[in-house]
Structures are given as C-alpha cells and as structure tokens.
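Notes follow once the structure below has been shown.
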Amino acid sequence: MLRRDRIVAMVTLSLLNVFVLVAGIAVVRITPQRDLLPQPPSVATREIVRVGAGSALRAPDSGAPIPGDALAVQLIGLLGGRAANINAVVIDAESHRTLFDQRAAVAAVPASTTKLVTSTAALAALGPQYRLTTKVVRDASGGIVLVGGGDPTITSRPSPAGGYPAYASMSDLARRTATALKAAGTTQVRVGYDASLYQGSRTAAGWKPNYLPDGEVAPVMALMVGEGRVAAGQMSRVADPAGTAAQIFTEWLRRYGIAARLGGAERSAPGTAQVAAVQSPPVSALVEHLLTTSDNDLAEAMARQVAIKRHHPVTFAGAAQAVQQVLAELGVGQGVQVSDGSGLSTLNRITPMALARILSLDASSARPELRSVVTGMPVAGFSGTLANRYTDITVPGAGIVRAKTGTLSNVSTLAGLAYDHDGRLLAFSFMAGNATGNVTELLDQMASTVASCGCG
C-alpha cells in the first residue's frame with residue numbers, strides 16, 4: 001500500500017509539474033516580455049537577443065525564411081476598395097527585400113511617424129548618453145541668469161525617488177544655486193533669464209492655428225518647465241513658457257532663503273561663471289519617452305538639438321536641414337522631407353519605404369546607438385499610443401507588433417517592426433489619407449497580418 005501511495009504521489013507531482021510548465025508557457029505567450037517595455041538607457045548599448053516568439057527586440061535573423069507572395073496577397077485582400085487611399089510597404093529588415101509595395105516610393109503626410117525620423121537623427125548625431133543642461137550663471141551686474149538648454153521636461157518639483165527616468169527639476173537647480181550664493185556671501189539677487197538658444201518662429205509652417213490653444217504643443221522655446229503646461233497632467237499651456245520658468249525658479253530660490261527679485265529676458269555673456277546646473281535624462285531615455293507617448297514638445301526639442309550639434313541655425317528650417325543631413329549620412333535620407341520634428345506640420349512628406357528603411361537601420365546590430373527607437377515604440381495592446389488598440393479582429397498583433405502611430409485630420413499612419421510567424425523580422429509602414437471606414441483598425445489589421453503570417 002505504501003509503495004502504491006508513493007507511486008500515486010509521484011505521478012501526481014509529475015502531472016502538477018507538467019501543468020505548471022504548460023501554464024507558464026501560456027503566460028509567456030500572452031504576456032509581453034519585460035524587454036518589450038521601455039527600459040533604462042543601458043538597453044541601447046546591449047546586443048538585442050530574441051527571448052521568445054513575438055519579441056520585437058532582437059537583431060534581424062537570417063535563419064528564418066523570408067515571406068513569399070502569400071503575405072502580399074493577404075494584405076491586398078485586406079485593403080479591398082480602400083487601396084487607392086493607402087501607401088504601404090513591408091520589407092525584410094535584414095536584406096531590405098520588398099515583400100509588399102503599394103506606392104511605397106510615393107511620399108505622404110506622415111503625421112507623428114515623423115518622430116521616428118527625428119529620434120533616429122537625434123540618437124545618431126548626439127549619442128544615446130547625451131544630456132541637455134539647464135544652468136544658472138553670473139551676469140556682469142552681479143545678478144544671476146537662468147539659461148535654458150532646450151530641456152522641455154524639467155519639472156518644478158524633484159522627480160519621485162526611484163522614478164524612471166529621473167527628470168531635472170527647478171527645485172534642485174534653485175537649491176544648488178542658493179547653496180552656491182550663500183557660500184559666496186550673497187543672500188539677495190536679481191534673476192534674469194535667457195531663452196536665446198532657439199531662434200526664429202515658435203511655431204512651424206504647416207501647424208494649424210488650434211494646436212497651441214488646444215495644448216497639442218507649447219510654443220517652441222529653449223526654456224520651459226513641464227513642457228509649458230499650466231499644471232501637470234493638463235493640456236493647456238502658459239503663454240510665455242520661458243518667463244513662467246524663470247518665475248518658478250525665483251520662487252524656489254526664495255524658499256531656499258535667497259531674497260530673489262525676478263528681472264526680464266536677457267542674454268548671458270559667453271564664458272560667464274556658472275553657479276549651478278541640472279541635466280536631463282540621457283537622449284536614449286528621452287527618445288523612448290517621446291515615442292511611447294508621442295510627445296510633440298520633446299520631439300521638437302530633439303530636432304533643435306540636432307541643429308545645434310550640426311551647426312545649423314536653431315530654427316525649424318535649420319533643424320529640418322540638420323535632421324535630413326544626418327539621415328543622408330546614415331544612408332536613409334531618400335524620401336524624407338520635413339518641416340518640424342513632431343509631425344504636426346501638414347507640409348511634412350515621407351515615403352513608406354523611407355520609414356521602413358529607417359526602422360530596419362534602427363533594429364540593426366550594426367547601429368546599437370539607435371536601439372532606443374525600437375525600445376521606445378509602443379507595443380500593440382500593451383503600451384503607449386497602442387495600449388488601447390489591438391483587440392477583437394486585430395488581436396493577433398498584440399504583444400508582437402511594435403510601432404509608432406500617427407494621426408492628423410484625414411491622415412492615419414502606422415510604422416514599425418514585427419516578427420512574422422516564422423521568426424523573420426519585418427519592417428512596415430502604412431500611410432492612409434482620406435480613406436473611408438475605420439482606417440485605424442485597418443492599419444492594425446495589416447500589421448497583425450504581418451505578424452501572424454507564416455508565409456515563408
């Protein structure tokens with residue numbers, strides 16, 4: 001009896017182990033890998049390794065078969081009568097072989113998929129570890145000047161402990177400034193501010209008049225707090241982001257025991273002694289954030305930083321020229337014509353093929369410094385602007401498709417990466433204009449078809 005009980009117990013334990021193993025596999029298959037979520041900047045410097053079916057974070061793998069004509073047949077069937085309004089392409093990310101082409105070389109309005117272009121250029125020009133500096137310097141009269149370095153993410157209060165990424169704060173800058181002033185025997189001071197790093201218009205050609213009033217974006221300035229929002233979490237923006245930032249800084253100085261008096265806008269003299277400074281998160285983290293949340297203000301800031309790095313005028317036009325110059329040097333500039341960094345401008349024109357080739361380069365192990373573009377794109381059904389998409393008929397792409405969305409009036413775009421059923425990494429770009437019906441769902445269906453096709 002004892003032996004039989006032991007056998008029964010062993011069989012039961014074995015069955016339980018099998019059940020746990022199967023259940024674990026099932027959970028892995030329906031839950032996005034941790035690597036699919038935005039990660040700290042170090043991910044941009046590591047080799048991407050595939051961790052399981054559906055991961056979109058490894059380098060292209062030539063071991064899997066390249067899809068054949070069946071993929072194109074399925075996509076054409078999905079388009080049906082709306083094909084005339086959609087420019088689209090799917091390419092193999094490793095070989096760049098075109099697998100589906102519907103006016104892939106015809107430029108269209110990209111909307112927020114423009115941010116893929118801006119982010120790639122920023123990472124290539126600046127490097128993933130570059131940080132934006134906001135500083136305080138002495139002026140000739142003995143006062144101090146708050147100098148904007150183009151970081152729109154600087155906050156009023158310090159970021160929560162352990163938060164990622166850790167943004168710079170005006171509170172920290174004021175505390176450091178107050179400490180330095182007191183050490184020099186100064187307890188009262190006049191505060192000026194300098195936002196002259198950016199030049200030209202604060203709005204881009206092709207922006208609609210309602211963008212600023214509706215809070216889609218702030219006036220593009222080199223000095224602001226919390227992207228110029230009236231309050232955290234609100235869409236509405238202040239009329240003068242630079243002046244408001246200086247006022248917030250001055251109020252914090254007073255809290256730290258300095259009798260501070262707010263002055264006006266001025267330019268800090270070159271070589272003026274620095275009093276204190278704070279820095280933004282690295283560009284890799286900023287890029288991840290701007291792609292996941294489709295942050296217009298941060299995208300414009302990244303474009304301006306490329307202009308500074310490449311010694312172009314720090315204007316919308318100069319930033320566009322600098323971005324296109326960097327892309328040309330990367331070999332992916334053909335088919336890109338931009339007027340801003342965010343994609344809000346209706347004057348932007350990019351071809352589907354250009355976006356697909358840029359994404360293939362971002363995913364390539366040959367350019368690890370660009371990897372934050374891949375890790376920053378939303379995961380279908382799980383994060384960012386794709387968190388509430390990929391349900392019902394589009395669900396095959398959930399957890400597998402990683403893509404950037406784009407939406408303007410009569411424009412809907414989707415560009416990204418996905419492994420197909422056979423494990424081949426594919427890059428796609430779908431751009432719709434004036435299409436009828438639920439265009440967003442159609443684009444999601446197309447991406448799901450790419451991800452689920454065992455067409456090799």
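Using a simple spin-label model with pseudo-atoms 7 Å out from Cα toward Cβ, His311 and Ser141 lie 3.5 nm apart. Within the straight-line cut-off of under 16 Å between alpha carbons, the aspartates and glutamates reachable from Lys309 are Asp151, Glu300, Glu329, sequence neighbours fewer than 8 places apart in one chain being disregarded.
Taking each residue as 0.36 nm, the span from Ser95 to Asn388 lengthens on full extension beyond its C-alpha to C-alpha distance by 102.2 nm.
Between Ala366 and Gln334, the simple spin-label model (points 7 angstrom out along Cα→Cβ) gives 1.5 nm.
Quick one: accessible area per residue over region 409-454, 1.4 Å probe, rounded to a whole number of Å²? Mind showing how you got there, number by number?
Values: 1200 Å² over 46 residues.
That works out to 26 Å² for each residue.
With contacts taken as Cα pairs under 8 Å and at least 6 residues apart, the chain reaches a relative contact order of 25 percent. Between the helical axis of 114-126 and the longest alpha-carbon principal axis of the chain there is an angle of about 60 degrees. Estimated from the Cβ-Cβ distance and a Förster radius of 35 angstrom, the FRET efficiency linking Asn410 and Ala259 is about 0.05. Annotation: average projected area of region 403-456 is 3.5 square nanometres, based on the convex hull of Cα atoms across all directions. Overall shape of the chain was characterised from the C-alpha gyration tensor. The equivalent ellipsoid obtained from it has semi-axes of 44, 29, 18 Å, in decreasing order.
Rounded if a/c is under 1.5, else prolate if a/b is larger than b/c, else oblate: which is region 96-212, with a ≥ b ≥ c the root eigenvalues of its Cα gyration tensor? Since a/c reaches 1.5 and a/b is larger than b/c, the shape of region 96-212 is classed as prolate.
For region 162-213, what class follows from the C-alpha gyration tensor (a ≥ b ≥ c being the square roots of its eigenvalues): rounded when a/c is under 1.5, otherwise prolate if a/b is larger than b/c, else oblate? It would help to have the intermediate numbers written out before the result.
Details: a/c = 3.77, a/b = 1.85, b/c = 2.04.
Judged from the Cα gyration tensor, region 162-213 comes out oblate (a/c at least 1.5, b/c at or above a/b).
Rounded to 0.05, the FRET efficiency of the Glu266 and Gln129 pair, given R0 = 30 Å and the Cβ-Cβ distance, is 0.40. For the chain, the fraction of 1.4 Å probe accessible surface lying on carbon and sulfur atoms is 54 percent. Using a simple spin-label model with pseudo-atoms 7 Å out from Cα toward Cβ, Thr436 and Thr293 lie 3.9 nm apart.
Each part reduced to its alpha carbon centroid, region 270-348 and region 411-441 end up 25 Å apart.
Report the calculated FRET efficiency for Ala232 and Ala166 (r = Cβ-Cβ distance, R0 = 25 Å), to the nearest 0.05.
Working: r = 16 Å, r/R0 = 0.64.
In this case the efficiency is close to 0.95.
Its DSSP H runs of at least 4 residues, each contributing -39,500 (n - 2.57), put the calculated 222 nm mean residue ellipticity of the chain at -11000 deg cm²/dmol, to the nearest 500.
The values are calculated or read from the model by the stated rules, or taken from the named source; none is laboratory data. As the structure is a prediction and not an experimental result, all values here were calculated from the model. Note that each Cβ is placed from the backbone with ideal geometry, even for glycine, and that neighbours are counted across all protein chains shown. The accessibility values were calculated without ligands, DNA or RNA, using every heavy atom of the protein model including side chains. Shrake-Rupley method; radii C 1.70, N 1.55, O 1.52, S 1.80 Å.
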